[in-house]
Every structure is written in C-alpha cells, then in structure tokens.
Amino acid sequence: MRCRRAARVRAAERPQARPATHPVAGGSLRSVTSPLALLGCYTTDRAPGLRSARLRVDGALEPLDALETESPSCVVWHPTLPIAYATNETLAGGVTAVAVDGDGKMRELGAATTGAAPCHAAVTADARWLLTADYVGGTVTLVALGPDGCPTATADALQLQGTGPHRERQDAAHPHMVAKDVAGEALLCVDLGTDRLTSLTISAAGRLQEGRAWQLPAGTGPRQVVAHPLGGTTSALVVGELSATLLHVRLGASGEAEVVAEVPTSASREATFPAQLTSTADGAYAIVSNRGPDTLSVFDLGTPSLDRVAEVAAGARWPRHFALTGDHLLVAGERSGTVASYGFGGSAVIGPSASTFSTPSPTWIAVR
C-alpha cells in the first residue's frame, strides 16, 4: 500500500472553482468551467495510460496532461474531491488514486492492491469505500478510503463462484461491474461468467457480504446494469455482452428476475459485443455501444418493447465506452486509438460528428 498524504489536494484546487475565462497563449480565450475529461487507456504500447483533456464548447478535446500508470481501463471520480481512481487492469491488479487540479495536471496520490484484472470501480456515496470488479480474479475487492480520498487499506475481497454455458467466457465467475443504486440495491455486482446479479453490503467492520442473487437467462453474459428510469423501483436495464441483447428486468424480492423485454442491441448481422450502457438525463432513452459493427444504438424507454429508434456509426473502432456531457457525446474507440465527439440532444438525439481526438487504446472516459 502506498499513500503520499503530503500530496493532498485542497478544495480550492477543484476544477469547478475557477473564473469563467482567462487568456491563453496567442491572446485567445478558453473556458475553464468547461468539462474536464480523464481518458483511461491500455498501455500495451508503453503509452502513459491516463490522459486529461478539456472539452471545448465546439466538442473538441484539448489535451492537458498525461500520467504513467499501467492500463487504467476504468476511471471514476471521488464524489466531492478533485481525485480520480483508475483500475490497473493487469494480472497483478490494483487501483491508483490520482489528484487532478483545475488545469488538468495530474499526480499520483496512492494505490491499493485488488484481484486480477480489475475492469470496473465504484466509490460509495459516503466516500469511505471503493469497490472493484476483478474480471480474471473472480472477486470484488473493497478498498478503504481516508477523509482525504487516499486509499488506506485493501479491506476485504469477496470470491464469487459459478459458471455459465459459454465454455470460453463463462468458465468461472467474471465480475464486470459494481453498480450503485439500481432497483433498490445500494450495490449490485454484475457477473458475466455466471449470468448473475448479486446484491452486496459492507459491514460495520469493513467486510463485503453477498445478499440476494438474481439469475438471468443462461448465456446472457451481463456486462453492465443501470436503473430503468421509467420501469419502477425494482426495474433495471441489463446489457448482455454474450447474448448481444438489451434486457428490461424486474428483480423480485425472493430472487427471481422477470424478463419484461429483451431486444438485440444492433440490427447488424455481424458478431456484436455490446459494451457501454447508459440512460439519458431525461430518462427517455438508453444508449448502447456495439463493438463489431461499431455503432451506437438508441432505445426508447417509453415503449414496453424497448424500440430501437436509431443506430448510428460510432465514429471509432471497437467503441468500448462513451460519456454523455451536456451537448456532446464522447466515444472511446479502443482499436482505432481515437475518441470521437458528437453533438447530442434534440430530435436527432445523436447529432453530427464534431471532432476526433487521437490517443492509444482508449477504454474509458470520465468527465467531471
């Protein structure tokens, strides 16, 4: 465990607490209240790994800083502090805490060990704990955070068990996400390897405990889950990476998962591996990224059958993750080495392409 507490970031350094504009080289003006994005990238090509960029009004990304950290495949922000946490998706496993100032300058604060290949992280609302979904290790790791946001200890690890019908991808438990506040559950683990959603709790002593588990249709290979904005308090949306479908499910009190609707995520006939799932701020639509056909699909959540109302080119190869921010949608193309920026909103939902930003193997976009 490493923790450099002298590097704590003061509240005055937060990206939000800055003037509206200031002069830059050449006499131009740029907005410093515009969103700050952190880009997590695989580092197989020895690239720095974590990059910061400013999202300009026109949708273009302006590069700011780079930090060497190994394969930060998922990046999440602290709820209140200007600190981000990056999962180091390696067999050794780890999570790195990074301080980010208002100009996007980054420095490492500390790190903690996790299970093998952590691919997703979540910070609890009280900012006391960070959890990682360790895909290869088959574990969920619990990391304690100090009041300054620095990791203080790897508190616990929960080993999940089970298999699924897909021989290559479901040979064991493969947690892919720890979701917050879905269908009445504060913490919900999505296990691609066992087709299961599992409720998690954290004891007063800092121990992870399994609660109810809901079994999804065999071979779904669930990757992500979000609350269904219009489906009621027990409803959730699940994207199946192996089934290439979007599901509306109701999680019953006795552990049954009722499938209300299930639809393909893409109209393409080629092999499709959906990745990111999110709902729009107004709750009207869900958006899914499709690796393979390299598209973004939009679903109308107001229809019981989850009507797919649009499918557009992602503008990047192997769209692993995307982020919605204001009037723009940013798409990380892992295999094209680019982040595509689109206009977002209005009747077209996804508008014209705004720009393309080059960075090696981007896997995650975390916007502050």
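The values are calculated or read from the model by the stated rules, or taken from the named source; none is laboratory data. In this text, all values refer to a predicted model and were calculated from it rather than measured experimentally. Please note: Cβ atoms are built from the backbone with ideal geometry, for glycine as well, and neighbour counts cover all protein chains shown.
Assorted remarks:
- Per the listing GLU270, GLU262, the residue uniquely at negative phi, among the charged types (D, E, K, R), out of contact with any strand residue (DSSP E or B) (no Cβ under 6 Å at 6 or more places or on another chain) and in contact (Cβ under 8 Å) with a residue 12 or more places away in the chain is GLU270.
- Answer from ALA133, ALA122, ALA112, ALA173 - the residue that is crowded, with 24+ Cβ neighbours inside 10 Å, in contact with a Leu (Cβ under 6 Å, 6 or more places away or on another chain) and either modelled with pLDDT of 95 or more or in a loop (DSSP other than H, G, I, E, B) (or both): ALA173
- Filter result for VAL225 (β-branched (Val, Ile, Thr), under 26 Å from GLY351 (Cα atoms), buried (at least 19 other Cβ atoms within 10 Å of the Cβ) and in contact with a strand residue (DSSP E or B) (Cβ under 6 Å, 6 or more places away or on another chain)): yes
- Close pairs from region 222-247: first in a loop (DSSP other than H, G, I, E, B), partner buried (at least 22 other Cβ atoms within 10 Å of the Cβ) and hydroxyl-bearing (Ser, Thr, Tyr), Cβ under 8 Å, at least 6 apart: LEU242/THR220; SER243/THR220; ALA244/THR265; ALA244/SER266; ALA244/THR272
- Cβ-Cβ under 6 Å pairs, at least 6 apart or on other chains, region 101-117 side farther than 25 Å from ALA155 by Cβ and in contact (Cβ under 8 Å) with a residue 40 or more places away in the chain, far side among the polar types (S, T, N, Q) and assigned to a strand (DSSP E or B): GLY104/SER52; MET106/SER52
- Qualifying residue in region 248-262 (condition: within 29 Å of SER353 (Cα to Cα) and assigned to a strand (DSSP E or B)): no
- Number of the condition not met by VAL309 [criteria: (1) β-branched (Val, Ile, Thr); (2) in contact with a strand residue (DSSP E or B) (Cβ under 8 Å, 6 or more places away or on another chain); (3) outside any strand (DSSP E or B)]: (3)
- Boolean, LEU158 is among the hydrophobic types (A, V, I, L, M, F, W, C), in a strand (DSSP E or B) and within 15 Å of THR198 (Cα to Cα): yes
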